[in-house]
Amino acid sequence: MRIENTFGIDARCRELITYDSEQTLREALTRIRNQYPGLPVLHIGCGSNLLFLGDYPGIVLKSEIKGIAIKHETADEILVEVGAGEICDDFIAQAIRRGWYGMENLSLIPGQIGAAAVQNIGAYGVEACDVIEEVKGISLTDSTEHSWKCADCKYGYRQSIFKEELWGKYAITRVTFHLSKHFVPKLQYGGLIKTVEQTGLTENSLTAMQLRQIIIDIRRAKLPDPAVQGNAGSFFKNPIVSQQNVEQLLSEHPTMPNFPTEEKGKVKLAAGWLIEQAGWKGKSLGPAAVHDRQALVIVNKGGATGKDIQRLCEAIRSDVADKFGIELEPEVNFI
Ligand code: EPU
């Protein structure tokens, strides 16, 4: 069976199983253990952050757990539990309509709610972990249920316990978000405030729906639509390096963008800028190419295999390492 992935790569698995509740997931896991003992199991979302280097030799699981349930609310805030199989952007749109705020800047990020909690998706100064209260999951090995408070999820930049020590061990079933009933726009990222002003709005007059639309417009202008051209959003993480390293680089490249991080003495660089300076923006290697409007995105020009994409990834990494002495780390998970 073909495995869904936004890179548009043809990859197959032994069986693809979808489930729509904790109960049907447990039944599926029992059947897998009986019918396919020893075969590996991979849990995917919408495949928007995966690169298949070949066919997957085991079983692929996908959540269709839906539902949005209010757990607790006051005049000021709300705890809302969302099924892992809900589409993240649909939930964000609904939350704004219902007057629950905090996720506007994450608008239009592809993928499901469960994957958002695994990947700690982020954009324009907001990360999923800023609004996650609790994550629930079921063990793929013994079907027991577990829950993790946000602090237990070890969230970092595109990082979580589910991508590290718990990778491949749990299916995320539901995520509880802590949202506010008062809209406070977060406009500190890059040129966001300028873009707001260019549209004739001000920080005070801006509504959450208008901010969502601005974010959607920025993303559409820069990022290729996977339905038109296969891609997985940012292919690499923005590297985090020491202040000392940055100062040395700035002496040679004074215009290099760099951003403070929460960790003292650590600075985030823009991988897109490094890749562009290394000459790769808009360039192809076989059927894989670097997007011409955002060098952090690798696209499938048509018919690429995972290995074609990997070859381009390695060529970029090698040139960026030669030019800047920086090792780029993929954000996309290689399978
Ligand atoms: N830049 C270039 N050339 C490029 C691309 C970027 O010089 O081709 C420079 C820009 O001029 C800017 C800086 O790099 O100074 C940052 O660019 P941008 O604001 O476009 O964001 P990014 O760092 O490239 C990150 C996330 C995106 C997220 C945006 C906005 C990562 C790996 N990527 O990209 O997330 O949408 O910020 O918050 O952190 C994703 O994870 O899939 C993703 C799209």
* Round to a whole number: what % of the accessible area of the range 242-323 belongs to carbon and sulfur, probe 1.4 Å? -> 45 percent
* Structure fact -> Dividing the mean separation of Cα pairs under 8 Å (6+ apart) by the residue count of the range 185-335 yields a relative contact order in percent of 22 percent
* How big is the shadow of the Cα convex hull of the range 62-131, averaged over all directions, in nm²? -> 4.6 nm²
* Work out which GluC sites (Glu not before Pro) in the chain are exposed loop sites (DSSP not H, G, I, E or B, at most 13 other Cβ within 10 Å) and give the longest gap free of them. => 1-163
* About the Cα centre of the chain, how large is the charge dipole given +1 on each Lys and Arg Cβ and -1 on each Asp and Glu Cβ? Please answer in debye to the nearest 20. => 520 debye
* **Table column - 3J(HN,Hα) (Hz), the range 124-141, Karplus curve with 6.51, -1.76, 1.60, x for Gly and Pro** => 6, x, 10, 10, 3, 5, 5, 10, 7, 9, 7, 10, 10, x, 10, 5, 6, 8
* Asked: Dimensions of the range 89-221 along principal axes (Cα, Å, largest first)?
  -> 56, 26, 23
* Based on the Cα coordinates of the range 230-334, what is the per residue volume of their convex hull in Å³? -> 94 Å³
* To do: Please compute the Cα-Cα pair-distance distribution of the range 15-63 with 5 Å bins starting at 0, giving whole percents from short to long.
  => 5, 19, 30, 24, 14, 7, 1
* Structure fact -> Of the residues THR18, LEU269, ILE3, the Cα lying farthest along the dipole of the chain towards its positive end, which is defined by charges on the beta carbon of Lys, Arg, Asp and Glu, belongs to ILE3
* Asked: Which of the lysines could a cross-linker span from LYS194 if the Cα-Cα distance has to be under 16 Å and same-chain partners fewer than 8 positions apart are dropped?
  -> LYS186
* How big is the chain on each of its three principal axes, counting only the C-alpha atoms and giving the largest first in Å? -> 60, 52, 38
* Environment charge at THR255 (Cβ cut-off 15 Å; Lys +1, Arg +1, Asp -1, Glu -1) -> -2
* Dipole size in debye (nearest 20) for the range 1-131 around its Cα centre, Lys and Arg Cβ +1, Asp and Glu Cβ -1? -> 580 debye
* Residue by residue, what Karplus-based ³J(HN,Hα) values in Hz, rounded to whole numbers, does the range 191-205 have, using 6.51, -1.76 and 1.60 with θ = phi - 60° and x for Gly and Pro? -> x, 4, 4, 5, 4, 4, 5, 4, 7, x, 10, 10, 4, 7, 8
* Structure fact -> Counting only protein heavy atoms and rolling a 1.4 Å probe, one gets per residue an accessible area for the chain in Å² of 46 Å²
* Structure fact -> Carbon/sulfur accessible area of the range 68-180, % of total, 1.4 Å probe, equals 48 percent
* To do: Under 18 Å Cα to Cα from LYS149, which lysines show up? Leave out anything in the same chain fewer than 8 places away.
  => LYS71, LYS136, LYS163, LYS169
* Structure fact -> Magnitude of the Cβ-charge dipole (Lys and Arg +1, Asp and Glu -1) of the range 15-63 about the Cα centre, nearest 20 debye, reported as 100 debye
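The values are calculated or read from the model by the stated rules, or taken from the named source; none is laboratory data. All values derive from a computational prediction rather than experimental measurement. We place every Cβ from the backbone using ideal geometry, glycine too, and count neighbours over all the protein chains shown. Remember, those area values only see protein heavy atoms, side chains included, never the ligands or the DNA or RNA. Shrake-Rupley method; radii C 1.70, N 1.55, O 1.52, S 1.80 Å.
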